[in-house]
Each structure stands twice: as C-alpha cells, then as structure tokens.
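Enquirer: Before we start, here is the structure in question, set down as structure tokens.
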Amino acid sequence: MNEHPAIARVRAYATERGLALDVRRYGGTTHTAEDAARQIGCAVGQIVKSLVFLAAGDPVVVLVSGSDRVDEGKLRAALGAPVRRATANEVRERTGYVVGGVPPFGHAPATRAIVDRGLLAREVVWAAAGLPDAVFPVAPEDLVRIGGARVVEVAV
C-alpha cells in the first residue's frame, strides 16, 4: 500500500530524527480539534493545533492544545515582531500542507515552531500528519525536540 506523499514527508522527517510515528487515518475529518478528538476518542485538550502565523512576513507554526487559543499579544512579545494569522493559501505556500493537516514539523520550506508551555503538561497529544484525516500520538517533549521548537506561554 502506497502512503500519501504528505504523510510520507512527515514520517521521513521524524524517522531521520529518531522518532517512529504511528500515523492513523480516519474515515471522517480531523480538520478541527473537536473533529479530531471525536474521531480519536480523546479529550479536545489532547489535540495539537498547528496554527500558522506570519511574524514580520516569516511563517511560524504555533502548537497549542485544542482547547486553547493563541494570544497574539503574547506571541508578538515572544517573537519581537508584529504577527497575524496566515490565510489558507499562505499556509499551503509557506508549509507545504493544507489547513487542518499541518503537521508540527517537516514543513517545506523549514518553518520556525513555537510550542505552548501548556502542551507539556500532557503525557500524550495527537498531531496532524500532513492531511486533514491523518494524525499521530506523540509525547509533547518530542514535538519540541523533533521540531527544534521554542517553548513559550502563548495560549489563553
């Protein structure tokens, strides 16, 4: 069975950094945190939202719990630059993935990542694997390590 190229890119990126991914695809969408939690059978807070912002024009992927929102003031302070949410077209152009399927790492081209400190309180979280119906379980610490992410408190 051939794996979708988007999932294969995410898997290869993780494997090259010592993390084997257990990617799972669902018949229904995992496009929103609520959809993903319902499909997986976990709490919304265990879902990782990979949100793309532009900071002074440069993309930044911000990882927060599915039950949280990003405080743009906190993000602006952490990055030291004006920020705004990327449009759906900008997300695809800047990460190589569509909204709802943006993984926490493995973007093309490489993208800076921020992990909200609140995610580290969870033992296991579920992140998108490159498509809106594909996710994988992961320890939050691995999100930081594999993605070379900076841990900052940005959620409300």
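Enquirer: Quick one: order I146, I40 by neighbouring beta-carbon count within 10 Å, fewest to most. List each step's numbers first, then the result.
Expert: Details: I146 20, I40 16.
Going from least to most buried by this count: I40, I146.
Enquirer: In terms of modelled amide H atoms, which long-range or inter-chain residues lie less than 5 Å from the amide H of L19?
Expert: Here the answer is none, since no amide H 5 or more places off falls under 5 Å of that of L19.
Enquirer: Going by how many other beta carbons lie within 10 Å of each one, how would you line up T15, T30, fewest first? Could the numbers behind the result be given before it?
Expert: Working: T15 11, T30 26.
Ascending Cβ contact count within 10 Å gives the list T15, T30.
Enquirer: Hey, fewest Cβ within 10 Å first, where do E153, E123 land in order? Provide the component values of the computation, followed by the final result.
Expert: Numbers: E153 11, E123 8.
Sorted ascending by nearby Cβ count, the order is E123, E153.
Enquirer: Moving to a separate point now. Quick one: 3J(HN,Hα) in Hz for region 126-137, Karplus 6.51/-1.76/1.60 with θ = phi - 60°, rounded, Gly and Pro as x.
Expert: Using θ = phi - 60°, the values come out as 10, 10, 5, 10, x, 9, x, 10, 10, 9, 8, x Hz.
Enquirer: Here's another thing I want to ask about it. Quick one: which residues, 5+ away or cross-chain, put their amide H under 5 Å from the amide H of V151? H built at 1.01 Å from N.
Expert: Amide H neighbours of V151: V115.
We did not get these values from a lab; they are worked out from the coordinates using the rules stated. Being a predicted model, the structure only gives us computed values, none of them experimental. Backbone-built Cβ (ideal geometry, glycine too); neighbour counts: all protein chains shown.
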